[in-house]
Amino acid sequence: MAISFGHDRPWGGVSQREYRRMAQDPGHILTYRVHFAAIGWADRQGHAAFAPGKLAALLSKKGQPLSDQSTTGAITRAKQLGLVSPRSGAACLVLPSHLFQKGKGAPVPCRLHLDR
Ligand SMILES: [Zn+2]
């Protein structure tokens, strides 16, 4: 499917590899690292699924995985700022289609969000 954000809504591409790198950089604010992870790992439907504990490990500080509580808190703040969809959780970060679209990749069903 062609990428389209609608009339008069220009768009540009980003390197998901770079966003994956930035998501793991503790120099960035945690809330934005969640956003970076969502972009870095998003599939064609804007879903970034993580195995249990994987996101907390990606958001680690000084080699220590983030606690469940801190991970949940960071996701909550990212939701409040509209950086990820309200449907997001530690197991799957979701980007709404007005924010993210991807032209390539297999349409793999999300094991968490079965309705998509
Ligand atoms: Zn999902």
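Rule-based calculations on the coordinates, nothing more; no lab input. Computed from a predicted structure; not experimentally measured. Here the Cβ positions follow ideal geometry from the backbone for every residue, glycine too, while neighbour counts run over all protein chains shown.
Key figures
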| quantity | calculated |
| --- | --- |
| Extended-chain gain in nm, criterion 0.36 nm per residue less alpha-carbon gap, F5 and Q24 | 4.0 nm |
| Hz values of 3J(HN,Hα) by residue in region 16-23 - Karplus curve (6.51, -1.76, 1.60), Gly and Pro given as x | 5, 4, 5, 5, 5, 5, 5, 4 |
| Fully extended contour minus Cα-Cα distance, from R77 to S60, at 0.36 nm per residue | 4.4 nm |
| Counting all C-alpha pairs of the chain, share separated by more than 25 Å (%) | 19 percent |
| Gaussian network model of the chain, Cα within-10 Å springs - most flexible of G40, G89, G63 | G63 |
| Two-site label geometry, S97 and R17: point separation in nm, points 7 Å out along Cα→Cβ | 2.9 nm |
| Charged-residue dipole, Cβ positions (Lys, Arg, Asp, Glu), the chain about Cα centre, Debye nearest 20 | 160 debye |
| Positive dipole terminus of the chain, leading residue within A37, L99, S85 (C-beta point charges) | A37 |
| Normalised contact order of the chain, rounded percent, pairs of Cα under 8 Å and 6 or more residues apart | 28 percent |
